[in-house]
Amino acid sequence: MESEGEKITVTAMDHVLQRNIKIDADLLVLANGMEARKDNLELSQMFKVPINNDGFYLEAHMKLRPVDFAADGLYLCGLAHGPKNIRSTIAQANAASIRAVSLLSKGKLESLGITVQVDTELCKGCGICVAACAYGARVIDEKKRVALVREVLCQGCGACAVACPNGATQQKGFEKEQMLAMIDAALF
Ligand code: SF4
Ligand code: SF4
(Lines give C-alpha, C1' and ligand atoms only; values in the text may rest on other atoms or scores of the structure.)
(Ligands and ions follow the chains in the order given, each with its own letter.)
Protein backbone atom coordinates (compact mmCIF):
# COMPACT_ATOMS: atom_id res chain seq x y z
CA MET A 1 0.00 0.00 0.00
CA GLU A 2 1.25 3.50 -0.81
CA SER A 3 -0.23 6.81 0.16
CA GLU A 4 0.37 10.24 -1.21
CA GLY A 5 -1.58 13.00 0.49
CA GLU A 6 -5.19 11.69 0.58
CA LYS A 7 -4.60 9.26 -2.25
CA ILE A 8 -4.17 5.58 -1.39
CA THR A 9 -2.92 2.96 -3.83
CA VAL A 10 -3.21 -0.70 -2.99
CA THR A 11 -1.12 -3.26 -4.85
CA ALA A 12 -2.33 -6.84 -4.82
CA MET A 13 -1.65 -10.08 -6.65
CA ASP A 14 -4.38 -11.07 -9.12
CA HIS A 15 -4.37 -14.88 -9.08
CA VAL A 16 -6.30 -15.09 -12.36
CA LEU A 17 -4.04 -12.74 -14.29
CA GLN A 18 -1.01 -13.95 -12.33
CA ARG A 19 0.36 -10.45 -11.95
CA ASN A 20 0.16 -7.54 -9.55
CA ILE A 21 -2.63 -5.01 -10.02
CA LYS A 22 -2.86 -1.50 -8.57
CA ILE A 23 -6.13 -0.11 -7.19
CA ASP A 24 -6.61 3.59 -6.42
CA ALA A 25 -8.85 3.54 -3.32
CA ASP A 26 -10.93 6.35 -1.77
CA LEU A 27 -11.10 4.47 1.51
CA LEU A 28 -9.05 1.59 2.90
CA VAL A 29 -10.64 -0.52 5.65
CA LEU A 30 -8.59 -3.27 7.22
CA ALA A 31 -10.38 -6.37 8.49
CA ASN A 32 -8.92 -8.88 10.90
CA GLY A 33 -8.56 -12.42 9.69
CA MET A 34 -10.90 -14.95 11.24
CA GLU A 35 -10.25 -18.53 12.19
CA ALA A 36 -12.77 -21.28 12.89
CA ARG A 37 -13.19 -22.35 16.50
CA LYS A 38 -10.89 -25.15 17.50
CA ASP A 39 -13.76 -27.22 18.94
CA ASN A 40 -15.73 -27.22 15.66
CA LEU A 41 -14.31 -30.62 14.82
CA GLU A 42 -15.54 -32.13 18.08
CA LEU A 43 -19.02 -30.64 17.60
CA SER A 44 -19.17 -31.72 13.96
CA GLN A 45 -18.46 -35.30 15.01
CA MET A 46 -21.08 -35.12 17.74
CA PHE A 47 -23.81 -33.92 15.34
CA LYS A 48 -22.36 -35.76 12.34
CA VAL A 49 -22.21 -32.63 10.19
CA PRO A 50 -19.35 -31.75 7.85
CA ILE A 51 -16.74 -29.03 8.16
CA ASN A 52 -14.53 -27.71 5.38
CA ASN A 53 -10.73 -27.63 5.20
CA ASP A 54 -10.67 -24.32 7.10
CA GLY A 55 -12.70 -25.78 9.98
CA PHE A 56 -15.98 -23.94 9.24
CA TYR A 57 -19.27 -25.83 8.96
CA LEU A 58 -20.38 -26.82 5.49
CA GLU A 59 -23.92 -26.26 4.20
CA ALA A 60 -25.82 -28.94 2.27
CA HIS A 61 -25.79 -26.96 -0.98
CA MET A 62 -24.36 -23.49 -1.53
CA LYS A 63 -27.32 -22.30 -3.62
CA LEU A 64 -30.23 -24.68 -3.01
CA ARG A 65 -29.86 -25.27 0.76
CA PRO A 66 -27.54 -22.50 2.03
CA VAL A 67 -28.54 -22.66 5.73
CA ASP A 68 -29.27 -26.40 5.98
CA PHE A 69 -27.02 -29.24 6.88
CA ALA A 70 -27.54 -32.39 4.85
CA ALA A 71 -29.40 -33.99 7.77
CA ASP A 72 -32.89 -32.62 8.43
CA GLY A 73 -33.39 -30.46 11.51
CA LEU A 74 -29.88 -28.97 11.71
CA TYR A 75 -29.18 -25.46 10.41
CA LEU A 76 -26.26 -23.09 10.41
CA CYS A 77 -25.63 -19.37 10.27
CA GLY A 78 -23.09 -16.71 11.10
CA LEU A 79 -19.42 -17.20 11.77
CA ALA A 80 -19.88 -20.93 12.28
CA HIS A 81 -20.35 -21.01 8.51
CA GLY A 82 -17.44 -18.74 7.62
CA PRO A 83 -16.19 -15.16 7.94
CA LYS A 84 -18.97 -12.66 7.16
CA ASN A 85 -20.27 -9.25 8.19
CA ILE A 86 -23.12 -8.59 10.63
CA ARG A 87 -25.65 -7.90 7.86
CA SER A 88 -25.05 -11.26 6.21
CA THR A 89 -25.04 -12.95 9.61
CA ILE A 90 -28.47 -11.53 10.52
CA ALA A 91 -29.92 -12.44 7.10
CA GLN A 92 -28.60 -15.97 7.44
CA ALA A 93 -29.88 -16.26 11.02
CA ASN A 94 -33.36 -15.18 9.84
CA ALA A 95 -33.27 -17.79 7.09
CA ALA A 96 -32.12 -20.53 9.48
CA SER A 97 -34.83 -19.71 12.03
CA ILE A 98 -37.53 -19.78 9.32
CA ARG A 99 -36.27 -23.16 8.14
CA ALA A 100 -36.45 -24.45 11.73
CA VAL A 101 -39.95 -23.02 12.30
CA SER A 102 -41.23 -24.51 9.05
CA LEU A 103 -40.06 -27.92 10.25
CA LEU A 104 -41.48 -27.54 13.77
CA SER A 105 -44.82 -26.24 12.51
CA LYS A 106 -45.58 -29.44 10.64
CA GLY A 107 -46.80 -31.23 13.74
CA LYS A 108 -45.49 -34.56 12.51
CA LEU A 109 -42.44 -35.60 10.55
CA GLU A 110 -42.53 -37.72 7.44
CA SER A 111 -39.64 -39.95 6.51
CA LEU A 112 -38.36 -40.13 2.95
CA GLY A 113 -39.69 -42.83 0.66
CA ILE A 114 -36.24 -44.26 0.04
CA THR A 115 -35.24 -45.17 3.59
CA VAL A 116 -33.66 -48.52 4.35
CA GLN A 117 -35.18 -51.57 6.02
CA VAL A 118 -33.64 -54.52 7.82
CA ASP A 119 -34.35 -58.20 7.31
CA THR A 120 -33.97 -59.32 10.93
CA GLU A 121 -33.61 -62.96 9.83
CA LEU A 122 -30.40 -62.07 8.01
CA CYS A 123 -29.07 -59.42 10.41
CA LYS A 124 -26.24 -60.59 12.68
CA GLY A 125 -25.97 -57.40 14.72
CA CYS A 126 -22.40 -56.75 13.59
CA GLY A 127 -22.87 -52.95 13.73
CA ILE A 128 -21.16 -52.21 10.40
CA CYS A 129 -24.24 -50.31 9.23
CA VAL A 130 -24.17 -48.16 12.39
CA ALA A 131 -20.60 -47.10 11.64
CA ALA A 132 -21.45 -46.46 7.99
CA CYS A 133 -24.35 -44.10 8.69
CA ALA A 134 -23.28 -40.45 8.80
CA TYR A 135 -26.69 -39.33 10.09
CA GLY A 136 -27.03 -41.37 13.26
CA ALA A 137 -29.99 -43.24 11.77
CA ARG A 138 -28.79 -46.75 12.59
CA VAL A 139 -28.68 -48.32 16.04
CA ILE A 140 -28.31 -51.83 17.38
CA ASP A 141 -31.07 -53.35 19.48
CA GLU A 142 -28.81 -54.83 22.15
CA LYS A 143 -31.46 -57.29 23.42
CA LYS A 144 -32.35 -58.76 20.03
CA ARG A 145 -28.88 -58.16 18.52
CA VAL A 146 -30.32 -56.77 15.31
CA ALA A 147 -29.91 -53.39 13.65
CA LEU A 148 -32.74 -50.86 13.64
CA VAL A 149 -33.43 -47.86 11.41
CA ARG A 150 -34.53 -44.49 12.80
CA GLU A 151 -36.58 -43.73 9.73
CA VAL A 152 -37.05 -40.04 10.41
CA LEU A 153 -33.28 -39.53 10.51
CA CYS A 154 -32.54 -41.68 7.46
CA GLN A 155 -31.60 -39.58 4.43
CA GLY A 156 -31.70 -42.50 2.01
CA CYS A 157 -28.02 -42.22 1.06
CA GLY A 158 -27.70 -46.02 0.84
CA ALA A 159 -24.30 -46.22 2.55
CA CYS A 160 -25.46 -48.76 5.14
CA ALA A 161 -27.07 -50.97 2.49
CA VAL A 162 -23.78 -51.09 0.60
CA ALA A 163 -21.80 -51.72 3.80
CA CYS A 164 -23.99 -54.55 5.13
CA PRO A 165 -21.99 -57.72 4.44
CA ASN A 166 -24.91 -60.14 4.21
CA GLY A 167 -27.65 -58.19 2.46
CA ALA A 168 -29.78 -57.71 5.58
CA THR A 169 -30.15 -53.99 4.86
CA GLN A 170 -31.99 -53.08 1.70
CA GLN A 171 -33.02 -49.65 0.49
CA LYS A 172 -36.64 -49.18 -0.55
CA GLY A 173 -36.81 -48.68 -4.29
CA PHE A 174 -33.22 -49.87 -4.69
CA GLU A 175 -33.38 -53.49 -3.52
CA LYS A 176 -30.59 -55.70 -4.78
CA GLU A 177 -32.93 -57.59 -7.14
CA GLN A 178 -34.04 -54.29 -8.65
CA MET A 179 -30.47 -53.10 -9.09
CA LEU A 180 -29.40 -56.38 -10.69
CA ALA A 181 -32.42 -56.26 -13.04
CA MET A 182 -31.46 -52.71 -14.06
CA ILE A 183 -27.86 -53.77 -14.70
CA ASP A 184 -29.05 -56.78 -16.73
CA ALA A 185 -31.39 -54.54 -18.75
CA ALA A 186 -28.56 -52.11 -19.45
CA LEU A 187 -26.11 -54.84 -20.47
CA PHE A 188 -28.31 -57.05 -22.64
S1 SF4 B 1 -24.42 -54.41 8.76
FE2 SF4 B 1 -26.11 -55.77 8.16
S3 SF4 B 1 -25.80 -57.61 9.42
FE4 SF4 B 1 -24.54 -55.98 10.35
S5 SF4 B 1 -25.88 -55.10 11.94
FE6 SF4 B 1 -26.18 -53.88 10.07
S7 SF4 B 1 -27.97 -54.82 9.05
FE8 SF4 B 1 -27.22 -56.29 10.57
S1 SF4 C 1 -29.49 -44.99 4.02
FE2 SF4 C 1 -28.46 -45.92 5.77
S3 SF4 C 1 -26.52 -44.79 5.93
FE4 SF4 C 1 -27.87 -43.54 4.67
S5 SF4 C 1 -28.93 -42.18 6.13
FE6 SF4 C 1 -30.26 -43.98 5.88
S7 SF4 C 1 -29.67 -45.31 7.56
FE8 SF4 C 1 -28.01 -43.84 7.33
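The values are calculated or read from the model by the stated rules, or taken from the named source; none is laboratory data. Since the model is a prediction, treat every value here as computed from it, not as a measurement. Note: ideal-geometry Cβ built from the backbone for every residue, glycine included; neighbour counts use all protein chains shown. What goes into the accessible areas is simple: the full protein's heavy atoms, side chains included, and nothing from ligands, DNA or RNA. Shrake-Rupley method; radii C 1.70, N 1.55, O 1.52, S 1.80 Å.
Label-to-label distance for ALA131 and ASN166 is 1.7 nm, based on points extended 7 Å past Cα in the beta-carbon direction.
Carbon and sulfur: what percent of the chain's accessible surface (1.4 Å probe)? Here carbon and sulfur together make up 59 percent of the probe-accessible area. Taking GLY107, GLY125, GLY78 in turn, the Gaussian network model of the chain (Cα-Cα springs below 10 Å) assigns the largest fluctuation to GLY107.
Where the alpha-carbon atoms of region 40-104 are placed on the principal axes, they occupy 28, 27, 19 Å, in descending order. Once both labels are positioned 7 Å from their Cα atoms along Cα-to-Cβ, the gap between LYS106 and LEU27 label points is 4.5 nm.
Where in region 116-188 are there GluC sites (Glu not before Pro) that are in a DSSP coil and have at most 16 other Cβ atoms within 10 angstrom of their Cβ?
Numbers: sites: GLU121, GLU142, GLU151, GLU175, GLU177; in loops: GLU121, GLU142, GLU151, GLU175.
Those that pass, being in a loop and sparsely packed, are GLU121, GLU142, GLU151, GLU175.
Using every Cα-Cα pair within region 1-95, state what percent have a distance larger than 20 Å. Cα-Cα pairs in region 1-95 separated by more than 20 Å: 55 percent. When the charge dipole of the chain is built from unit charges on Cβ atoms (+1 for Lys and Arg, -1 for Asp and Glu) and taken about the Cα centre, the candidate among LEU153, ASN52, ALA185 whose Cα reaches farthest toward its positive end is LEU153.
Averaged per residue, what accessible area in Å² does the chain show with a 1.4 Å probe, protein chains only?
72 Å²
Our summary gives region 40-104 a relative contact order of 23 percent, counting only alpha carbon pairs under 8 angstrom and 6 or more residues apart.
At a Förster distance of 45 Å, what's the computed FRET efficiency of THR11 paired with LEU43, Cβ-Cβ distance as r, to 0.05?
On the way: r = 40 Å, r/R0 = 0.89.
Efficiency for this residue pair is about 0.65.
Grab the other residues whose beta carbon is less than 10 angstrom from that of CYS123, score K and R as +1, D and E as -1, and report the net. Provide the component values of the computation, followed by the final result.
Numbers: positive: LYS124, LYS144, ARG145; negative: ASP119, GLU121, ASP141.
Within the 10 Å Cβ shell, the charges total 0.
Region 34-106 and region 1-25 have Cα centres spaced 34 Å apart.
Here the convex hull built on the C-alpha positions of the chain has a volume of 201 cubic angstrom per residue. Stretching the chain fully between ILE98 and LEU64 yields a gain of 10.7 nm (0.36 nm per residue, less the alpha carbon separation).
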